[in-house]
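Nothing in this text is a laboratory measurement; each read-out follows from the coordinates by a stated rule. For clarity, every value in this text was computed on a predicted model and none was experimentally measured. Backbone-built Cβ (ideal geometry, glycine too); neighbour counts: all protein chains shown.
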Amino acid sequence: MDFKLNEDRRMLDETLTRFLADKYEITKRNEIAYSDAGHDANIWKEIAELGIIGALFTEDEGGFSGEGFDIALVFEALGKALCPEPFLGALLAGKALVAGGADHATMLEDIVTGAKIGAVGFEEEASHYELAHVASKATKNADGYELDGVKSVVTHAQIADVIIVSARLSGDVDDTAGLALFAVPAGVDGLSIRDYNNVDGGRAGEVILSKVKIASNALIAEGEAAFALLETLAGYAHLALSAEGLGIMEVMKLQTLEFLKLRTQFGVPIGKFQVLQHRMVDLVLEIEQARSAVINAATLSDDAVIRGKNLSAAKLTIGETGHKVAEEAIQLHGGIGMTWEMPVSHYAKRLVMIDHQFGDEDYHLARYIELSKSA
Amino acid sequence: MSEVEIFRSEVKTWLADHCPPEMRMPITDDEICWGGRDFVFINNAQHSWLNDMAAKGWTVPAWPKAYGGGGLNGDEQKILAEELGHINARSPLQSFGISMLGPALLKYGSEQQKLLYLPQIARGEIRWCQGYSEPDAGSDLASVKTKGVDDGDDFIVSGQKVWTSYADQADWIFCLVRTEPDAPKHRGISFLLFDMKSKGVSTKPIKLISGSSPFCETFFDEVRVPKTNIIGGRGEGWTIAKYLLTHEREMIGSSDLLFGGDDVCGTARDAVGLNDDGQLDDAILRAEIGNFIVDEMAFDAHMDMTKGYMRAGNQLGARSAELKYLGTELNKTRQSLLMASGGANALTWEDAGNIVPQAPRAWLRSKGNSIEGGTSEIMLSILSKAILKMPS
Ligand SMILES: Cc1cc2nc3c(=O)[nH]c(=O)nc-3n(C[C@H](O)[C@H](O)[C@H](O)COP(=O)(O)OP(=O)(O)OC[C@H]3O[C@@H](n4cnc5c(N)ncnc54)[C@H](O)[C@@H]3O)c2cc1C
Ligand SMILES: Cc1cc2nc3c(=O)[nH]c(=O)nc-3n(C[C@H](O)[C@H](O)[C@H](O)COP(=O)(O)OP(=O)(O)OC[C@H]3O[C@@H](n4cnc5c(N)ncnc54)[C@H](O)[C@@H]3O)c2cc1C
């Protein structure tokens, strides 16, 4: 972000950017991201010690900021380094635990310090990003709740200490009423995880809940409050992922621009061809537009409709622009853009995959239209 | 019955007897028959399907019988293609020999060369790779530097190729080599054929964005190639190279591999579901798919007309760039829609239970479609020069 860059923010940006550049040189990053763990526990520990996760939370929540601009700043820096660590899980699980109140204070503290890892499972095989499309069941009993169902593509599920899941106390799939959110501790009986590597590196898993018994204070929210919380949490994801996408595009822009100046064909740098010049300028302008959309979203307006529209607009813009940047960056590189060896290919994959998390461009266009109706 | 009807009924009967049921199922990348010395057939059905089709000359129905082809006329070719389509028959043989080298040999090879190489290609005995691109000669292909030094009856070939698809699995290579170092750029290249087992040839696979390695760096260290292996004359390689490219582009633009994959409508329906009106339950994806289908219909019709034009004995020439450009851009759209259908599941590989299992790999692979065989930018340049006669 280059908006409202006060002294504290500049320092945070510099510390984080330097740290990430040092730890995630691209070959090293790929080794980590495509490994069986999908991340590096030691680096995560160092990140925790630097206190960076605290930027995602307010002082009341145990952090030191929590402002939209700081969340965006952190995730933009993560994007620039293609960092595969569980920051998004920390942000979302942390904010959910905040909503859960006193019973979740210890876990929240551990998430904010980075001592523990959080994950969220809101998606199911058939949800296609719809937060209320929940078939997983929660049944209340004398000791607490019993959970049954499968949550899909839960990022970092295997290494999480706590997974926040949505399940249904009553009603049909797609009803917003009857939803509930629970904090499911790792290792509880009946919880199993089938994990796998993602296309863009990192790891996710199917979280299978089979007669999982949890205490009544594992409940974080229920009913319409649960749906409202889901929307708030998804909103944080929209901001974080959009900012991450922006960071990725910034890097791809530089990589491609440099390539156009260096690569020679027909006796001239290919950047001399006017078609390519125009295509490059187009990309740069679109990235600037996307940056503006992210800045809008980072204001996290108190007006829920404006906030939601800004967030969907940002995620939609990043989705669209991201597809275009990924496509063009590879195309302008020619054959070498298809190779594992060129960093640009890994950036392109992650960039497009961001569109497959928490709603793609189609989803956010529909959501933007829907929110505009109510305004 | 007319002659054509008789032919159709013969084809029907023959196919019913000879196309094994396993060869009538949708094909995946791993199940393609590439032929070649070291090819391992996935099953007997694949082997007998190739042998039976080759014996009829139907791996290359348009080629003359003398060279292992079917000697079919335009109408007969169309009937055979239709009947193969009706039973969903797999292609018995995919090969760069058939789609690229063969047409060049038919036009520019000597009689002796045709008799030697073409039947082997038709029977799938020799697998070929394409040694065109070099690190500094991509779009600017005519600046190839791999050199062939005159040494009596042979050329001594040294240099490097890159992006050579399946070089590590190919038996022979058709290769652009600079044999006339003093001639102008476009007149110093010769079109040479040689065995990949020759002393001095080595390959190194290149890992792709998808993690697989279908193409290689190919190195030549003083490889001895008999002068009789030259196609056309010395320094005439560029003409042949360009002619071959028109066939490559036609192949890429019309490839079953591009268009035989997952059906967009069906995949989206399974992944996203239908609403109460029986429409795809996602208005925006529905509109995008609608647009795509309309484009695809137009392209199919365009392709049908083009095929008719070629069956009538015409060459596509520069218009192959049109097919290549439209076909590959369309395929990229199609792959993106398949990915969009998958939603969050498209983040995972097929073994993770992805509901659109082939999509991520096919999507990543499709990014190469607008680069291989000449980039989209180069296709547009060719069309603006050759068809629109724009000043250059
Ligand atoms: C509504 C309007 C108001 C105007 N007002 C004024 C005014 O107040 N004062 C004044 O002096 N003029 C004015 N103009 C003229 C205007 O500045 C010229 O029309 C403009 O600069 C283009 O010049 P041209 O018409 O000669 O087109 P050309 O320069 O001949 O261009 C024709 C086409 O070729 C393209 N082209 C040209 N060169 C290149 C290149 N190097 N690379 C790629 N593409 C190229 C152009 O983009 C255009 O599409 C006005 C024009 C319009 C349409
Ligand atoms: C999947 C795949 C398989 C391949 N298989 C083979 C094979 O078997 N054998 C083989 O020999 N080669 C093969 N290739 C190589 C392919 O032919 C080249 O990659 C292609 O011709 C482009 O060359 P390049 O990669 O050097 O890109 P460059 O030529 O460096 O192009 C980089 C960018 O500059 C653009 N550009 C270049 N010149 C101009 C211009 N004059 N005007 C406008 N834009 C321009 C290009 O369009 C591209 O966007 C394969 C490539 C791929 C991706």
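Note on chain A: GNM, Cα springs under 10 Å; of A:Asn198, A:Asn310, A:Asn42, the largest mean-square fluctuation is that of A:Asn42.
Adding -39500 (n - 2.57) for every DSSP H run of four residues or longer, then dividing by how many residues chain A holds, sets the calculated 222 nm ellipticity at -17000 deg cm²/dmol. Comparing A:Leu20, A:Ala119, B:Thr333 along the charge dipole axis of the protein assembly as shown, the residue lying farthest to the positive side is B:Thr333, per the Cβ-charge model.
Among B:Leu326, A:Leu179, sorting on how many other beta-carbon atoms sit within 10 Å of each Cβ, with the fewest leading, yields B:Leu326, A:Leu179. In terms of other Cβ atoms within 10 Å, B:Trp14, B:Trp238 run from fewest to most in the order B:Trp14, B:Trp238. Other residues with beta-carbon under 13 Å from the beta-carbon of A:Asn198 carry, at +1 per Lys or Arg and -1 per Asp or Glu, a net charge of -3. Within the set of other residues whose C-beta is less than 11 Å from the C-beta of B:Gly68, count the net charge using Lys and Arg as +1 and Asp and Glu as -1. Residues near B:Gly68 contribute +3 overall. Rounded to the nearest 10 degrees, the inclination of helix B:111-122 to the longest alpha-carbon principal axis of chain B is 30 degrees.
Taking B:Gly70, B:Gly36, B:Gly343 as the candidate residues, the one with maximal mean-square fluctuation in a Gaussian network model of chain B, Cα springs under 10 Å, is B:Gly343.
Look at where the Cα atoms of the range B:317-333 and of the range B:103-162 average out, and the two centres are 25 Å apart. Net charge of the neighbourhood of B:Ala321, taken over other residues with C-beta under 14 Å away and scored Lys/Arg +1, Asp/Glu -1, is -1. Using a simple spin-label model with pseudo-atoms 7 Å out from Cα toward Cβ, B:Met1 and B:Glu350 lie 4.0 nm apart.
Placing R0 at 51 angstrom, the Cβ-Cβ distance between B:Asn44 and A:Phe266 gives a FRET efficiency of 0.50 after rounding to 0.05.
Taken about its Cα centre, the protein assembly as shown carries a charge dipole of roughly 2960 debye when the Cβ of each Lys and Arg holds +1 and the Cβ of each Asp and Glu holds -1. Our helix-only sum for chain B, with -39,500 (n - 2.57) per DSSP H run of n ≥ 4 divided by its residues, gives a mean residue ellipticity at 222 nm of -13000 deg cm²/dmol. Angle of helix B:283-311 to the longest C-alpha principal axis of chain B, folded into 0 to 90 degrees and rounded to 10: 40°. Compared with the alpha-carbon gap, the fully stretched path from A:Ser210 to A:Leu50 is longer by 53.8 nm at 0.36 nm per residue. Straight-line cross-link reach from A:Lys80 at under 18 Å between alpha-carbon atoms covers these lysines, not counting any fewer than eight positions away in the same chain: A:Lys23, A:Lys28, A:Lys253, A:Lys315, A:Lys324, A:Lys349. What residue among A:Phe87, A:Phe57, A:Phe266 has the largest mean-square fluctuation in a Gaussian network model of chain A, using Cα springs under 10 Å? Residue with maximal mean-square fluctuation among A:Phe87, A:Phe57, A:Phe266: A:Phe266. For the pair B:His86 and B:Leu274, a Förster radius of 35 Å applied to the C-beta separation gives a FRET efficiency near 0.75, rounded to the nearest 0.05.
Pairs with C-alpha atoms separated by more than 26 Å, drawn from the list B:Lys114/B:Lys197; B:Lys161/B:Lys389; B:Lys56/B:Lys107; B:Lys147/B:Lys332; B:Lys185/B:Lys307; A:Lys261/B:Lys185, are B:Lys161/B:Lys389; B:Lys147/B:Lys332; B:Lys185/B:Lys307. Placing a pseudo-label 7 Å from each Cα along the Cα-to-Cβ vector at B:Asp30 and B:Ala16 gives an inter-label distance of 3.5 nm. Bridgeable lysines around A:Lys137 (alpha carbons under 16 Å apart, same-chain partners fewer than 8 residues away excluded): A:Lys151, A:Lys211, A:Lys213.
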